[in-house]
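Below is one structure, written out as structure tokens; comments come after it.
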Amino acid sequence: MEFDHLVFTPKTESLLCSQVFTVFEKPDACREMNVFPQRKILFEGPYGSGKTSAMLLSAKKAIERGWTVVFMPPSGERNIKSMEAGLSLAKKYQPSVFVMEDVDHEHREHDPYTFRQILSNLDGIISKGSRMVVLMSTNFKEKIKGGLLRPGRTDEIVSFGPLGFAGLCELVQRCVGSGKLDPAIDWSEVYDASREYTPAFVKEMATSAALQAVSADVKIVTQEMLIDAARNLRFQFDETEKARSTGQYL
């Protein structure tokens, strides 16, 4: 994965650094402040907003510092036994990170028994002196039962979403390369054409525009190419947002 292409909003980046990365990067300083690596963090946001990328980046930082990472597949493919086995593995090889995507799936599928078991397992993983971080994600924060949101089950919520003007410009420049972008680009026009796009759509817009340049045998991506790419993606973006607003699982 190209971590150099990751761009988050200032608020999201600040929370990732302080609430997640700091636990791996500054363990001694955390202990001095009576903060122990027993954290449960929920990443929430729409499809394509960077939650999985942030999880992978967190895992990379943890592994580089000697932590074990246990990844659970999306919840439609898991069951309680596999979750318990994963948690047991994470407990055995501490310090560890337990990653669980789509934590709301069982609730949305009207499976209260499985959801209660998830809560019970999350309650039971942390003991005094343990060094475990749990990272969870959801596309539907509003559909998660309140019991999972209290501190102890979820200590912090990190929200992901559209990048905004500055983030969009930065991500396009990282994907294409600033030397390959027409200096005459009016970024406000590009932003208007791609308003509310999440990082996945912004990255595809940049890739599509770059391919237009290659096809035309030119070495510069123009404003027109970016706007054309953004407009071509609008139907996909709107349909994705429509699916999310109606609670459909993708």
Restricting attention to segment 204-220, does a residue exist that is touching a Ser or Thr at 6+ places or on another chain (Cβ under 9 Å) and of a type in the set (Val, Ile, Thr)?
-> no
Close pairs (8 angstrom Cβ cut-off, 6 or more residues apart or separate chains): at pLDDT below 65 in segment 73-86, hydroxyl-bearing (Ser, Thr, Tyr) and assigned to a helix (DSSP H, G or I) anywhere = 79/114
Within segment 211-250, how many residues turn out to be buried (at least 16 other Cβ atoms within 10 Å of the Cβ) and on the phi > 0 side of the Ramachandran plot?
-> 0
Considering (1) in a helix (DSSP H, G or I); (2) modelled with pLDDT under 95; (3) more than 23 Å from residue 53 (Cα to Cα); (4) of a type outside the set (Ser, Thr, Tyr), say which one residue 219 fails and leave the rest.
-> (1)
The helices (runs of 4 or more DSSP H) lying entirely within segment 2-99 that contain at least 1 residues which are in the same structural domain as residue 169 (by TED's automatic domain parsing), buried (at least 18 other Cβ atoms within 10 Å of the Cβ) and in contact with a Cys (Cβ under 7 Å, 6 or more places away or on another chain) are none
Restricting segment 187-203 to residues that are in a helix (DSSP H, G or I) and out of contact with any Ser or Thr (no Cβ under 8 Å at 6 or more places or on another chain), which is nearest to residue 172 (Cα to Cα)?
-> 203
If you check 194, 245, 215, 208, which single one turns out to be closer than 16 Å to residue 163 by Cα and hydroxyl-bearing (Ser, Thr, Tyr)?
-> 194
Which listed residue, of 135, 168, is assigned to a strand (DSSP E or B), modelled with pLDDT of 85 or more and surrounded by 18 or more Cβ atoms within 10 Å (Cβ to Cβ) | 135
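The values are calculated or read from the model by the stated rules, or taken from the named source; none is laboratory data. Because the structure is a prediction, the values reported are computed rather than measured. Cβ atoms come from the backbone with ideal geometry, glycine included; neighbour counts cover every protein chain shown.
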